[in-house]
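First comes the structure, then the notes that go with it.
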Amino acid sequence: MSNLFTWKIHGDGKTLRPGEVVEPDERLTWPRTAEIGAQHVIAMFGATFLVPILTGFDPSTTLFFTAMSTALFLLINKNVLPSYLGSSFGFIAPITAVTTANKGIAVASFGIMITGLLLALVGVLVHFAGARWIDIIMPPVVNGASVWSNFQKAPDTAVVTLLAVLLVAVLFKGLLGRLNILIGVIIGYIYACIRGQVDFSAIGEASWVGLPNFHLPQVDFSILPMFVPVVLVLVAENVGHVKSVSQMTGRDYDDQIGTALFADGLGTTIAGFGGGSGTTTYGENIGVMAATKVYSTA
């Protein structure tokens, strides 16, 4: 285990020349790695929290299980496949249908758990039988979240943020230029504060320390026809993610498709058992890596 989560230092760990790539098994110094990682947090935080907000699940519980699922994913894939597992939009429709029918969140959790088990079984099948049949019936896709609604809510802040991201990328080279998303969002946030678009009241009302609200699933087999099709969505997202990372890094990750599906299935199963939303690999993760050329799993 101690050798599993180790990374070679890329160069001197401090500088990145134009065109340089940080491979999955490399890293920069830990402070710089954290800065790059902060961009992933920014890119994926909104979508991860939006799902529980729309479905009535507890956001803190969902965040807890996305962290656990991501750690499991890296562990099962031997720390070679960079990915973040956030809450899947594929579950919104069946969860909404279940809660609209007054069956409750616990019943929806049962559907999530069973979906995760089925996905894990698909992963085992792919691992031992190969992924060629998936390539034939399901070409790679990469899903990204739309940000149009955010532009409509605060167009001036959105434009300032976008311009800041683009200008930092164009004007600065090396690591600073690759932190354009983080810097751009900070500039946009400061602008939003000046414009009075940020409501701080929730911060004053919040507890200093909060714990996830766990709950167990409630068995109801009648809702499974609404959840089982989500397996296809999760397969498509995972396969698309693996194929995209392969193209970006120039590495062949076909052998990881089965373990990727199994890891996501296991994470979704545990999330369903404990009261979190189902998980999936994120296209936003792909976007940040494509922009920074930093593919380090660290």
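Counting only chymotrypsin sites (Phe, Trp or Tyr not before Pro) that are in a DSSP loop and have at most 14 other C-beta atoms within 10 Å, tell me the longest site-free stretch of the chain. Numbers along the way, then the final one.
On the way: sites that count: F5, F172, F200, W208, F214.
The longest such stretch corresponds to 6-171.
Rounded to the nearest 10 Å², what accessible area does S207 have for a 1.4 Å probe in the complete protein model?
S207 exposes around 90 Å² with every protein chain in place.
Considering only protein heavy atoms and a 1.4 Å probe, what is the carbon-and-sulfur percentage of the accessible area of the range 168-285? Present the calculation step by step, with values, prior to reporting the outcome.
Details: 3980 of 5990 Å².
That fraction is 66 percent.
Quick check on the range 253-298: take the gyration tensor over C-alpha atoms, sort the square-rooted eigenvalues as a ≥ b ≥ c, and tell me if it's rounded (a/c under 1.5), prolate or oblate. Show your work: numbers first, answer last.
Working: a/c = 3.01, a/b = 1.64, b/c = 1.83.
Judged from the Cα gyration tensor, the range 253-298 comes out oblate (a/c at least 1.5, b/c at or above a/b).
From the Cα gyration tensor of the chain, with a ≥ b ≥ c the square roots of its eigenvalues, which class applies: rounded if a/c is under 1.5, or else prolate if a/b is larger than b/c, or else oblate?
On the way: a/c = 1.85, a/b = 1.18, b/c = 1.57.
Because a/c hits 1.5 or more and a/b fails to exceed b/c, the chain counts as oblate.
Using a 1.4 Å probe and counting only protein heavy atoms, arrange D264, D254 so the residue with the most accessible area comes first.
Values: D264 0, D254 60 Å².
The residues order as D254, D264, largest area first.
For a quick check of understanding: with a 1.4 angstrom probe and all protein chains in place, what accessible area in square angstrom does E205 have, to the nearest ten?
Here the residue's solvent-accessible area equals roughly 150 Å².
Could you tell me what % of all Cα pairs in the range 186-298 have separations over 17 Å?
Values: 4494 of 6328 pairs.
So the pairs more than 17 Å apart make up 71 percent of the total in the range 186-298.
Once the whole set of protein chains is in place, how much accessible area is left on V209, using a 1.4 Å probe, in Å² to the nearest 10?
120
Would you give the gap between the C-alpha center of the range 1-33 and the C-alpha center of the range 146-221, rounded to a whole Å?
26
Obtain the nm distance between the two label points defined at E205 and D156 by a simple spin-label model: each point lies 7 Å from its Cα along the Cα-to-C-beta direction.
2.6
Among R17, R27, R251, what's the order by accessible area (1.4 angstrom probe), most exposed first? Numbers along the way, then the final one.
On the way: R17 150, R27 40, R251 75 Å².
From most exposed to least exposed: R17, R251, R27.
Once the mean 1/r over all distinct Cα pairs of the range 199-263 is inverted, what Kirkwood radius in angstroms do you read off?
Working: mean 1/r = 0.0620 Å⁻¹.
About 16.1 Å, per the Kirkwood formula over Cα pairs.
Straight-line reach from K243: which lysines have Cα under 23 Å away, leaving out those fewer than 8 places along the same chain?
K78, K293
Using a Förster distance of 45 angstrom, determine the FRET efficiency expected from the C-beta separation of C193 and L125, and round it to 0.05.
Working: r = 51 Å, r/R0 = 1.13.
About 0.30, to the nearest 0.05.
Largest first, how would K14, K103, K243 line up by accessible area (1.4 Å probe)? Mind dumping the intermediate values first?
Working: K14 115, K103 80, K243 35 Å².
Largest accessible area first, the list is K14, K103, K243.
How compact and how long is the range 1-80, expressed as Rg and Dmax of its alpha-carbon atoms in Å?
Radius of gyration, then largest Cα-Cα span, for the range 1-80: 15.7, 47 Å.
Tell me, what is the per residue accessible area of the range 1-128 in Å², probe radius 1.4 Å? Before the final figure, lay out each step's value.
On the way: 5740 Å² over 128 residues.
That works out to 45 Å² per residue.
The values are calculated or read from the model by the stated rules, or taken from the named source; none is laboratory data. Note that this is a predicted model, so its numbers are computed, not measured. For neighbour counting, all protein chains shown are included, and Cβ atoms are generated from backbone atoms with ideal geometry for every residue, glycine included. The protein model used for the area step is the full one, side chains on, heavy atoms only, and it has no ligands, DNA or RNA in it. Shrake-Rupley method; radii C 1.70, N 1.55, O 1.52, S 1.80 Å.
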